[in-house]
Number of protein chains: 2
Amino acid sequence: MSSKTLASSSLISDLTNVVGDQYVVWKPEDLLVYEYDGSIDKAPPQAVVLPSSAEEVSQIVKIANRHGAYIVARGAGTSLSGGAVPLRNSVVIALTRLTNLIEVDAVNRVAIVEPGMINLHLSQKVSHLGLFYAPDPASQKTCTIGGNIGENAGGPHCLALGVTTNHVLGLEVVLADGSLTWFGGTQRESSGYDLRGAFVGSEGTLGIVTKIAVRLLPKPETIHSMLAAFTTMDAASDTVSEIIAAGMVPSALEMMDRNTIDAVEPFYHPGYPAEAQAVLIVEVDGLKESVEEQTETVLDICNRNGAMEIREADDEETRDKLWQTRKGAIGAYGTIAPTYYLVDGVVPRTKLREVLQQVDQIAVELDVTVANVFHAGDGNIHPAILFNERNPEEVKQAILAGAKILEACVAAGGALSGEHGIGIEKQAYMPLVFNEDDLEAMSRLRTAFIGESPEDAPIGVPSLGERFNPGKVFPGGAVHGEAYGITAESFRPTGTQDWQ
Amino acid sequence: MSSKTLASSSLISDLTNVVGDQYVVWKPEDLLVYEYDGSIDKAPPQAVVLPSSAEEVSQIVKIANRHGAYIVARGAGTSLSGGAVPLRNSVVIALTRLTNLIEVDAVNRVAIVEPGMINLHLSQKVSHLGLFYAPDPASQKTCTIGGNIGENAGGPHCLALGVTTNHVLGLEVVLADGSLTWFGGTQRESSGYDLRGAFVGSEGTLGIVTKIAVRLLPKPETIHSMLAAFTTMDAASDTVSEIIAAGMVPSALEMMDRNTIDAVEPFYHPGYPAEAQAVLIVEVDGLKESVEEQTETVLDICNRNGAMEIREADDEETRDKLWQTRKGAIGAYGTIAPTYYLVDGVVPRTKLREVLQQVDQIAVELDVTVANVFHAGDGNIHPAILFNERNPEEVKQAILAGAKILEACVAAGGALSGEHGIGIEKQAYMPLVFNEDDLEAMSRLRTAFIGESPEDAPIGVPSLGERFNPGKVFPGGAVHGEAYGITAESFRPTGTQDWQ
C-alpha cells in the first residue's frame, strides 16, 4: 500500500495538455497531502490532476485508460472510511475547482451544482430564497457534495429528512470509457432503472459525478432546539425511545457521552453539570403552534427521565452556540488523545441501550478509551476510539475494538455503516452482512459499468473492473491499518465465513 | 404479439410437481384472463403458475430456464402501462397466493410482507398499532405491494411522503439463475451498492421480488380534507401554485376537470356546482394546531382564487365520502366511453397550467375526449383519453394523442412517467428523454443481473438478457396498441432520433 511509483513523463505531459501546468501535481513532496483522508489509512498517488469542467474529467479518464492507470476521484478528502485514499498508485482527480452553482429553480425547488461545491455553501447560496439543502454531515463546512454522493452522507438532520440519496434527483457522470451521461432528472420521478440510486453511495467505484441535481427544501417557519443533561446514559437512551414512541420525528436527536463532554469542555466551555453522564440535543421545527406542542412533549419526557439541566434556543445565534459542542466534538477529541478512529454503525433504536453497554464492555476488555457522540434518533452510533498512532499496540487494539463494535451492531440486527461508507475500513466486515451471492450481485453491477474481462484491460492493468477507486468496498481489496503495520492475518472479525 | 403457443406437457408436468395440479393454469380458456392488465395492450401466456412460497418461485424459475421459457411476474394485474402483459408466450408467475404479513416491528416501524399482499391490507393490518403504509395508488384496494415495487407506484399522498422506493428498506428476490438473495435491509441505511433502489421500478425485468421490508409511518394526529370548486382550470392551477409557494407541503393536492366531474356525478351524486370547471382536493395533516393554521392558509388561497364552493371533512367517514369521487374517477369514465387510455406524465409545477392548455389543444386537434384527474401538487398529470376500442380510427387517434401529450410533458422539462412505468406503452418514447448512452447503461444493468451472451442461453431462447418480462421498457420490444391493429410504422413520436 505504501510503495511509491511516480507518473511517467508522457502521462504528465498528456494531463498537462488538458488542464495546464499548474493543475497537475506530480512532485513527491507535493503529492504528500493527497495520501490521506479523514480515516487512519493512507497510500500515495502517482499524480493529481485538477480539472475545471466535466469535459476535462472525461478527457482525463480517457488518458488514464491509455496509460493503464487507476483513477480516484477526490473532493475535500474528509472521508472517514478511506474513500479518498488512492490505492494502487492511482491518478487522483481532485474536483475542488468544480464549485459552481449552475442553476437554481426556486419555484420547483431544484438546484444543479458541481461536485466540488462545499456542502454548507449550497444552503448559504439559496438561503435568500427561503430554501436549504437538507443533508448536513458534521463536516459540512469542508466536505463537498460530490463526496457526499460517493458516501451517501448523512448528518444530524437526516433523522427527519433522510440521507443524501433522498435529496439527489439526477447525476451527470463520466463512465469508464470517458463518456458523459446523465442518470435521473430534475423531477422527483424518472423512467427506466434507478441508476441514480445505484450511483449514490457507490463510493467512487462506478464513475465520476460531474453535475448533481438536488432537491431543496423550504426553511421551517420555526426551529426550537433543546439540550438536556442526564446523570446516566440509560436515562438519555430512554428519553430518546420515549420521544420516538410519542409519534414525533424531531428534526434532530443527538447524544454525547461523558468522555465527549470532557473533550469539549476545554474548547467551548459549555459548563455542563459535573455529574452529567450524557447530553442530549433535540430539535423540532415546523409551524409555530406545532413546534410549541412538540417542545412541551419533549420537555415533559426529559423531566420525567430526570434531566438535571435543560437549555433552549429559539434564534440562530443561541442555536449555533447550543450546537457548537456537538458539531465540534470530533475535533475536540484531540484534547484526549493524538488520534481517533470514528466507528460508524447502525442499530435498531430499540437496541440502542444494549449496544451502548456492549461498547462500554469492549472498551474495558481491550483497554481502549471510547467517546460517544451520535445520531441517537436513527440508531446511528459513532463511537470514537481514541489512541496514539505511534504506539503499534494501541493501534491494533483500536482496530480490534472497532471490529468488535461493528460485530455487536450487526449482531443486534443493525448495519455496517450509517453514513461513512465501507471504503478500506469496513471491507473485511462485509461478509458479516452479505453472503457470497449478495457480493456477487454487487460485483455484477460494478462489472456492468466498468467491464472486467481480461481482454478489455489495457496493458499493465490487471482488471478494468477496478478502474475507479480500486481496492475499496469489496473484501480483500486492502488492509485497514496497514499503514500502522496491521496485516490481513493480524485479526479477522469472528463469526465470518471463509473469506480473504 | 397474439400468436398462441401452449406449454408443452413436460413443462406443465414439471410445474405441477412443484405447486400441485390446481395451481397450474394451462387450458386456453383459463388463460384468457391473464392476457390483460389495466392497459390497452394484451398477449397470451403459455401457462400460469401460482406458487405459495419464495422457494417455489425459485424452483419455477429454474424449470422455466430448462424449458427455455420467458417469465413474467404478475400481482393483481392493475398495471396501466402493460407491465403484466405476458409477451413472447411467457410463463406467468402469479404471486397472488403470497399474501402473508410475515413480521411487524412496531417500535422500529418496519414490516416484512409477501409480494401478493394487497396494498390497502397492510395499512389495515397495522392500523391498531397507530401505523400505516404510505404509498396509496388509486388502485390500492386491488393492487399488490409486489406490483407497486415493480412500477415504483405513487398515489395521492406521495406529494408529502414520497413514492414506493422511499418506503422500501429491503427486498428478497429470485435472480435469473433461480437463486434467492436479499438487497438492502430493515434499517434506513445499508452498505454496498443500492441494488434495492435499482430493483424498485425495474418493472419485473431484473428478477422476482418474494419478500419486502417496508417502512411504516405513525398515523397523523389530525387530518383535515378540503374540496374546492372553481369556475376555471386556471384558477385551480393558480391555487395549487400558491399553496406550494406558501411553503406548505399538503399531504395531498389533487385536481379533477369538468369531464371527470361529468363522469362521477351519475355514480356518486356529489352535487358539484353546475358551472364548476375544476375541483381541487387539498388535505393537510399533523398536530392539531399546525393543521388548523394550514387549513386557514389553504382556505384563504382558495377564496382569493374565486372558489365557488368549499367542503371540509374532519372525520374518517366524511373524508372517505369527500375522496370518493377522486378515487372512483377512473372507474366512472365508463359512463362516458367504453375504454380509456390513462396517460401518465410529469411536468414541473410551474408548467402545469401551460401543459394542461396544450392537452386541451391536442384533444381538439385530434378530436378525442380527454378527462383530467391528477396529482396537481407534484405535477403528475393523468389525462384519460376516452374512446371506443371497436373503432380502429378512434384507437389510433387515442394513441397518437397520448404520444403528443407525453411529448408536451418532456418538452416542458418533465418526465415520461410519474408512477405507471414504461412497460409496453411508453417504450417508443424512451428516446425522447434518454440518448443511446443512457439506454446502453440501463441495458448493462439488466445484463449484469440476467446475463445475455448467446452461449449462456438455453436452446430455444434467443437471449437470456430478456429472461424476465421480455419486450418491456426498452424501445423496440413491442408495439403499443398492436392488439388494435397499430403497427410500429403507424406513427412515431416526432422529435425523436432514429430508433426502432
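The values are calculated or read from the model by the stated rules, or taken from the named source; none is laboratory data. Just so we're clear, the structure is a prediction, and the values are computed from it rather than from any experiment. All Cβ positions, even for glycine, are placed from backbone atoms using ideal geometry, and neighbour counts span all protein chains on display.
A few points about this structure:
- Checked against (1) within 30 Å of A:LYS426 (Cα to Cα); (2) without any contact (Cβ under 8 Å) to a residue 24 or more places away in the chain; (3) not in a loop (DSSP other than H, G, I, E, B), B:GLY192 passes all but condition (3).
- When restricted to residues that are in a loop (DSSP other than H, G, I, E, B) and either among the basic types (Lys, Arg) or surrounded by fewer than 24 Cβ atoms within 10 Å (Cβ to Cβ) (or both), region B:207-236 contains 6.
- Those residues of region B:25-39 which are of a type in the set (Ser, Thr, Tyr) and either free of Cβ contacts under 8 Å to residues at least 24 places away in the same chain or assigned to a helix (DSSP H, G or I) (or both), in sequence order: B:TYR34
- Some residue of region B:276-284 being within 14 Å of another protein chain (Cβ to nearest Cβ) and closer than 23 Å to B:PRO250 by Cα: yes
- Within region B:214-234, the set of residues being under 21 Å from A:GLY247 (Cβ atoms) and in contact with a Gly (Cβ under 8 Å, 6 or more places away or on another chain) comprises B:PRO218, B:LYS219, B:PRO220, B:GLU221, B:THR222.
- Taken over region B:432-448, the criterion of being surrounded by fewer than 20 Cβ atoms within 10 Å (Cβ to Cβ) and either more than 7 Å from chain A (Cβ to nearest Cβ) or not in a helix (DSSP H, G or I) (or both) is satisfied by B:ASN435, B:GLU436, B:LEU439, B:GLU440, B:SER443.
- Here is the figure for region B:286-308: residues that are outside any loop (DSSP other than H, G, I, E, B), of a type outside the set (Gly, Ala, Ser) and within 14 Å of another protein chain (Cβ to nearest Cβ) total 10.
- Test: residue in region A:295-306 that is closer than 30 Å to B:GLU293 by Cβ and crowded, with 22+ Cβ neighbours inside 10 Å: yes
- When residues in region A:106-125 are screened for being among the charged types (D, E, K, R) and either surrounded by 22 or more Cβ atoms within 10 Å (Cβ to Cβ) or within 21 Å of the chain's Cα centre (by Cα) (or both), 1 of them pass.
- Filtered by the rule that a residue be surrounded by fewer than 23 Cβ atoms within 10 Å (Cβ to Cβ), part of a loop (DSSP other than H, G, I, E, B) and out of contact with any helix residue (DSSP H, G or I) (no Cβ under 6 Å at 6 or more places or on another chain), region B:249-277 gives B:HIS269, B:GLY271, B:PRO273, B:ALA274, B:GLU275, B:ALA276.
- All positions within region A:92-104 that are assigned to a strand (DSSP E or B) and surrounded by 17 or more Cβ atoms within 10 Å (Cβ to Cβ): A:VAL92, A:ILE93, A:ALA94, A:VAL104
- With respect to being under 30 Å from B:GLU292 (Cβ atoms), in contact (Cβ under 8 Å) with a residue 12 or more places away in the chain and surrounded by 17 or more Cβ atoms within 10 Å (Cβ to Cβ), B:HIS382 falls outside the description.
- Selected residue (criterion: farthest from A:SER39 (Cα to Cα)) from residues of region A:132-141 that are buried (at least 21 other Cβ atoms within 10 Å of the Cβ) and not small (Gly, Ala, Ser): A:TYR133
- Residue match in region B:160-175 (condition: assigned to a helix (DSSP H, G or I), within 14 Å of chain A (Cβ to nearest Cβ) and more than 21 Å from the chain's Cα centre (by Cα)): no
- Sole residue being more than 30 Å from A:ILE381 (Cα to Cα) and in contact with a Lys or Arg (Cβ under 8 Å, 6 or more places away or on another chain), chosen from B:LEU216, B:LEU206: B:LEU206
- Odd one out for B:PHE183 among (1) part of a loop (DSSP other than H, G, I, E, B); (2) within 9 Å of chain A (Cβ to nearest Cβ); (3) more than 21 Å from B:SER417 (Cα to Cα): (1)
- Test for A:LEU280: is it in a helix (DSSP H, G or I) and either touching a strand residue (DSSP E or B) at 6+ places or on another chain (Cβ under 8 Å) or not assigned by TED's automatic domain parsing to the domain that holds A:ALA235 (or both): no
- Close Cβ contacts (under 7 Å, 6 or more residues apart or on different chains) running from residues in region A:42-61 that are under 21 Å from A:LYS27 (Cα atoms) to residues that are assigned to a strand (DSSP E or B) and of a type in the set (Phe, Trp, Tyr) comprise A:LYS42/A:TYR36.
- From the list B:ARG492, B:ARG467, the one residue that fits, being at pLDDT 60 or above and surrounded by fewer than 17 Cβ atoms within 10 Å (Cβ to Cβ), is B:ARG492.
- Restricting region B:116-154 to residues that are small (Gly, Ala, Ser) and out of contact with any Leu (no Cβ under 9 Å at 6 or more places or on another chain), the residue that is farthest from the other protein chains (Cβ to nearest Cβ): B:ALA138
Each row is one residue, and each column tells you yes or no for (1) out of contact with any Pro (no Cβ under 6 Å at 6 or more places or on another chain); (2) of a type in the set (Asp, Glu).
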| residue | (1), (2) |
| --- | --- |
| A:ALA398 | yes, no |
| A:ALA412 | yes, no |
| A:GLU419 | yes, yes |
| A:GLY423 | yes, no |
| A:TYR429 | no, no |
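- Among residues of region A:404-422, those that are under 18 Å from A:GLY481 (Cβ atoms), touching a helix residue (DSSP H, G or I) at 6+ places or on another chain (Cβ under 8 Å) and not in a helix (DSSP H, G or I), counted: 4
Residue-wise test of (1) of a type outside the set (D, E, K, R); (2) modelled with pLDDT of 95 or more; (3) more than 28 Å from the chain's Cα centre (by Cα).
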{"residue": "A:GLY247", "(1), (2), (3)": "yes, no, yes"}
{"residue": "A:TYR268", "(1), (2), (3)": "yes, no, no"}
{"residue": "A:ILE281", "(1), (2), (3)": "yes, yes, no"}
{"residue": "A:LYS288", "(1), (2), (3)": "no, no, yes"}
{"residue": "A:ASN303", "(1), (2), (3)": "yes, yes, yes"}
{"residue": "A:MET308", "(1), (2), (3)": "yes, yes, yes"}
